[in-house]
Amino acid sequence: MAVQLWETVKESITAYTGLSPATFFTTIALGLALYYMAVSYFGSSDGAHHRGSGEFEEQMPPLPPPVQVGEITDEELKQYDGSDPKKPLLMAIKGQIYDVSQSRMFYGPGGPYALFAGKDASRALAKMSFEQKDLNGDLTGLGVFELDALQDWEYKFMSKYVKVGTVKSTVQVSDSAAEGQAREVAESDAAKTAEVADGDVGKPAEDGALESAAKETEETKTAGDEKKE
């Protein structure tokens, strides 16, 4: 019975696959072997990947909560450019300082936007510029589209990062304004000097006129006395 069944199976294999029974079973064995090898390889890779990710997460210390720095100057803000890993990574837009420590891969040392860290980069963001002359908060001369782009950046920072302070504004007097003020002071001093000089010259003139009038009166009085005699 078993022999008849085996003969039937062999005939069926040959009829449906066109292969001999030996070739058919060899092909199945090779397929199973390849399947188990693939499962074991990818299974171990996934496990190693998960273990590596877990170890990396354990090595990365959790970020400290943002610390409020209050109102600081541009020079003080430069201390938070990421060069000191113990300090938070700060950046300002339109005078508002944000803690961007969670995006250290972008704004930290070696990141694509590392030049913006520790500065008020409003002008550079508005112009999408990486030039040193634009790494400041001066918005004068910017166009409408540049200001709109800066506004988009500000909305992004407001929604993603914590505001921790402001940049202390410094009022700078231009050379032309200083020259104008000096000129006004000089003109004012010159006017005062002229007034004093006019007053000093007027007094002797008035005294001379009084002396002349007194002399004429005395001469007139003398002439009248001589006529009477």
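The values are calculated or read from the model by the stated rules, or taken from the named source; none is laboratory data. All of these numbers come straight from a predicted model, not from anything done at the bench. In this analysis, Cβ positions are derived from the backbone assuming ideal geometry, glycine residues included, and neighbour counts consider all displayed protein chains. Surface accessibility is based on the protein's heavy atoms, side chains included, excluding ligands, DNA and RNA. Shrake-Rupley method; radii C 1.70, N 1.55, O 1.52, S 1.80 Å.
Can you tell me which condition GLY95 does not meet? The list is (1) under 14 Å from the mean Cα position of the chain (by Cα); (2) open to solvent by 30 Å² or more (accessible area, probe 1.4 Å); (3) touching a residue at least 12 places away in the same chain (Cβ under 8 Å), and all the others hold.
In the conditions (1) under 14 Å from the mean Cα position of the chain (by Cα); (2) open to solvent by 30 Å² or more (accessible area, probe 1.4 Å); (3) touching a residue at least 12 places away in the same chain (Cβ under 8 Å), GLY95 misses (2) alone.
If you take the residues of the range 127-138 that are among the hydrophobic types (A, V, I, L, M, F, W, C) and open to solvent by 40 Å² or more (accessible area, probe 1.4 Å), which of them is farthest from TYR107 (Cα to Cα)?
Residues of the range 127-138 that are among the hydrophobic types (A, V, I, L, M, F, W, C), as a first pass: 128, 130, 135.
Cutting the leftovers down to open to solvent by 40 Å² or more (accessible area, probe 1.4 Å) gives us 128, 130.
Details: MET128: 15, PHE130: 13 Å.
The qualifying residue farthest from TYR107 (Cα to Cα) is MET128.
Tally time: how many residues in the range 139-161 are open to solvent by 70 Å² or more (accessible area, probe 1.4 Å) and either in a loop (DSSP other than H, G, I, E, B) or within 27 Å of PRO65 (Cα to Cα) (or both)?
Of the residues in that region, 8 qualify.
Just one of PRO66, PRO62, PRO112 is in a loop (DSSP other than H, G, I, E, B) and surrounded by 12 or more Cβ atoms within 10 Å (Cβ to Cβ); which is it?
Answer to the check: PRO66.
Within the range 162-178, is there a residue that is in a helix (DSSP H, G or I), under 28 Å from LYS78 (Cα atoms), at pLDDT below 95 and open to solvent by 90 Å² or more (accessible area, probe 1.4 Å)?
yes
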